[in-house]
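What follows is a short report on a single structure.
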Amino acid sequence: MDEPPLHIRPYRDEDLPQLRKITVESFGSVALEQMLEQKYGLWNERDWKVRKASHIDDDVAQCPEGCFVAERGGEILGYITTRLDRVNQRGRIPNLAVVESARGLGLGRRMIQHVLDYMRDEGMKLAQIETMASNAIGQHLYPSCGFEEVARQVHYAMRL
Ligand SMILES: CC(C)(COP(=O)(O)OP(=O)(O)OC[C@H]1O[C@@H](n2cnc3c(N)ncnc32)[C@H](O)[C@@H]1OP(=O)(O)O)[C@@H](O)C(=O)NCCC(=O)NCCS
């Protein structure tokens, strides 16, 4: 039997629990939040999963119309979020994830192309995305979608 088609559609409120689940299952080794926890342990009752999932809460609260999910046969396989700075005509992709079983099939690339078109349609003139130096996939995928490296940032932390 043929697989149902994969399509990218706008985010809906009822998607949030699944987006949070994909986030904590996906971002383990690549999230700054987990690196902080590895280095300092828990510093309050909120672990890296709670903090990272809350980034998605913020994305969908700030710009729900700029969030999209990739769905096949009713199953969400990935998501991408955006923030638009209309004053400066600049769009950012804060978060992007694909479930492990669907990686390497071009879904990440498709979602990026989708939001680049969305940003163009919204009048944005520049698109930005960031990745950790340890994220080899991001450093391959983003330039291959047309992004160019502009600068590197160093994250510092200390116990208080
Ligand atoms: C990043 C992510 C969304 C990509 O999703 P995806 O659907 O697998 O992406 P695609 O299939 O479109 O592209 C992946 C590309 O990375 C390449 N790749 C895979 N593993 C790689 C590795 N270890 N090193 C370098 N490139 C790698 C693939 O070959 C593919 O490139 P190609 O199309 O030129 O062959 C997914 O890996 C993910 O969810 N990762 C965890 C969360 C994350 O890192 N999010 C982004 C934070 S900046």
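Looking only at the chain, where both bridge partners belong to it, what percent of the DSSP beta bridges are antiparallel (to the nearest 5)? Mind dumping the intermediate values first?
On the way: 16 of 20 bridges.
Here the share of antiparallel DSSP bridges comes out near 80 percent.
Which is farthest toward the positive dipole end of the chain among PRO143, GLN153, GLY41, measuring Cα position about the Cα centre, with Cβ charges +1 (Lys, Arg) and -1 (Asp, Glu)?
GLN153
So, with +1 on the Cβ of K and R and -1 on the Cβ of D and E, and no other charges, what is the size of the charge dipole of the chain about its Cα centre, to the nearest 20 debye? Please report the intermediate quantities before stating the final value.
On the way: 21 positive and 24 negative charges, 101 e Å.
The dipole magnitude comes to about 480 debye.
In nm, to one decimal, how far is the HIS55 label point from the GLU75 one, both placed 7 Å along Cα→Cβ?
For HIS55 paired with GLU75, the spin-label model returns 2.6 nm.
Would you please state which residues of segment 35-50 a label at LEU160 would reach in this model, taking the label point 7 Å out along Cα→Cβ and a backbone N cut-off of under 14 Å?
The answer is 43-44.
Find how much the distance from ASP47 to GLU14 grows on full extension, using 0.36 nm per residue of separation minus their present alpha carbon separation; answer in nm with one decimal.
Numbers: separation 33, 0.36 × 33 = 11.88 nm, distance 2.40 nm.
Once the chain is fully extended between ASP47 and GLU14, it gains 9.5 nm.
Does segment 32-154 come out rounded, prolate or oblate, given a ≥ b ≥ c as the square roots of the eigenvalues of its C-alpha gyration tensor, rounded meaning a/c under 1.5 and, failing that, prolate meaning a/b above b/c?
On the way: a/c = 1.42, a/b = 1.31, b/c = 1.09.
Here segment 32-154 falls in the rounded category.
Where a number appears in this text, it was derived from the coordinates with a stated rule and is not lab data. Everything numeric in this text was worked out from a predicted model, so none of it was measured. We place every Cβ from the backbone using ideal geometry, glycine too, and count neighbours over all the protein chains shown.
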